[in-house]
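Input: a single structure, listed below in structure tokens.
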Amino acid sequence: DGGITQSPKYLFRKEGQNVTLSCEQNLNHDAMYWYRQDPGQGLRLIYYSQIVNDFQKGDIAEGYSVSREKKESFPLTVTSAQKNPTAFYLCASSPGFRGEKLFFGSGTQLSVL
Amino acid sequence: KNEVEQSPQNLTAQEGEFITINCSYSVGISALHWLQQHPGGGIVSLFMLSSGKKKHGRLIATINIQEKHSSLHITASHPRDSAVYICAVAGTYKYIFGTGTRLKVLA
């Protein structure tokens, strides 16, 4: 079955540490997104990618980095520069970039030790 | 003021009740999406609307483009409908999300 796989489900970060969240899709979608979800707030866009080897900053990109070396994969690194990383992170994809249906992964809960 | 506003924020209903969740937006859109988020955190897409009305099972979604308003209705609600329902609008290269409506249906 096609879908989006995020891993790990839970992740703990130590002070000063970079951590990477994995996102893989086998839907052959061009567009991929990373969102952050905090309690009481709507999903906020961190980064998005329309095609391989291209990505753009979203609304809250500071302290995060991404890569898109393969169509299927869009990993997110939470760097030590992100001072408030505790949140639920969701990866999503869509066939194109014109408001099409979004498909979501199951999310990663990141906490700080 | 948020670009996407949902109401109510929280809703408790008895099993069998008819439920309505509202979404108003203030930006130009190409489509509006209704999403469902279960307690485990995963999100599934329920509807994508650009005009009119769509129905899937006990769920009905409507949109009024002129009034910039959409509603999600659940008929004959059931405890398994308990989830957070999120409205999202698709603009230019971006989706904007409401903060969600937390629905709890009691048996």
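Coordinate-derived values only; no laboratory data. All figures in this text were calculated on a predicted structure; none of them were measured in a lab. In this analysis, Cβ positions are derived from the backbone assuming ideal geometry, glycine residues included, and neighbour counts consider all displayed protein chains.
Listed here are the residues, each with its yes/no results for (1) surrounded by fewer than 18 Cβ atoms within 10 Å (Cβ to Cβ); (2) among the charged types (D, E, K, R); (3) away from chain B (no Cβ under 14 Å).
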| position | (1), (2), (3) |
| --- | --- |
| A:A61 | yes, no, no |
| A:V66 | no, no, yes |
| A:E69 | yes, yes, yes |
| A:S73 | yes, no, yes |
| A:T77 | yes, no, yes |
| A:A92 | no, no, no |
| A:G96 | yes, no, no |
| A:E100 | no, yes, no |
| A:F104 | no, no, no |
Restricting attention to the stretch B:17-56, which residues are over 14 Å from the mean Cα position of the chain (by Cα), more than 9 Å from chain A (Cβ to nearest Cβ) and of a type in the set (S, T, N, Q)?
B:S26, B:S51
Need pairs with beta-carbon distance below 8 Å; first residue free of Cβ contacts under 8 Å to residues at least 40 places away in the same chain and within the stretch A:73-94, second of a type in the set (A, V, I, L, M, F, W, C) and surrounded by fewer than 23 Cβ atoms within 10 Å (Cβ to Cβ); sequence gap 6+ or separate chains.
A:T86/A:L110; A:T86/A:V112
Scan the stretch A:55-105 residue by residue and report those that are of a type outside the set (F, W, Y), under 11 Å from the mean Cα position of the chain (by Cα), within 17 Å of A:K9 (Cα to Cα) and part of a loop (DSSP other than H, G, I, E, B).
A:P75, A:G105
Kindly establish whether B:V105 is outside any loop (DSSP other than H, G, I, E, B) and either more than 14 Å from the chain's Cα centre (by Cα) or of a type in the set (K, R) (or both).
yes
Going by the conditions given, is A:G40 surrounded by fewer than 20 Cβ atoms within 10 Å (Cβ to Cβ), over 15 Å from the mean Cα position of the chain (by Cα) and either within 11 Å of chain B (Cβ to nearest Cβ) or among the β-branched types (V, I, T) (or both)?
yes
Output the residues belonging to the stretch A:32-54 that are touching a residue at least 24 places away in the same chain (Cβ under 8 Å), part of a loop (DSSP other than H, G, I, E, B) and under 23 Å from A:G3 (Cα atoms).
A:L43
Pair list, Cβ under 6 Å, 6 or more apart: the stretch A:1-26 residue farther than 14 Å from A:L110 by Cβ, other residue part of a loop (DSSP other than H, G, I, E, B) and among the polar types (S, T, N, Q)
A:G2/A:N26; A:G16/A:S80
Can you pull out the residues in the stretch B:1-50 that are closer than 26 Å to A:G105 by Cβ, in contact (Cβ under 8 Å) with a residue 12 or more places away in the chain and β-branched (V, I, T)?
B:V4, B:I21, B:I29, B:I43
Within the stretch B:1-16, of all residues that are surrounded by 15 or more Cβ atoms within 10 Å (Cβ to Cβ) and more than 12 Å from chain A (Cβ to nearest Cβ), the one farthest from the chain's Cα centre (by Cα) is B:A13
So the strands (runs of 3 or more DSSP E) completely within the stretch B:33-85 holding 2 or more residues that are surrounded by 16 or more Cβ atoms within 10 Å (Cβ to Cβ) are B:43-49, B:59-64, B:69-74
Could you check the stretch A:15-52 and list, in sequence order, the residues that are touching a Leu at 6+ places or on another chain (Cβ under 8 Å) and among the aliphatic types (A, V, I, L, M)?
A:V19, A:L21, A:L43, A:I46
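Across the stretch B:86-107, which residue is nearest to the other protein chains (Cβ to nearest Cβ) among those that are surrounded by fewer than 21 Cβ atoms within 10 Å (Cβ to Cβ) and of a type in the set (S, T, N, Q)? So that I can check it myself, show each step before the final result.
Looking only at the stretch B:86-107, we keep the residues that are surrounded by fewer than 21 Cβ atoms within 10 Å (Cβ to Cβ), and these are B:91-94, B:99, B:102, B:104-107.
Keeping just the survivors that are of a type in the set (S, T, N, Q) gives B:92, B:99.
Working: B:T92: 9, B:T99: 5 Å.
Within the stretch B:86-107, the match that is nearest to the other protein chains (Cβ to nearest Cβ) is B:T99.
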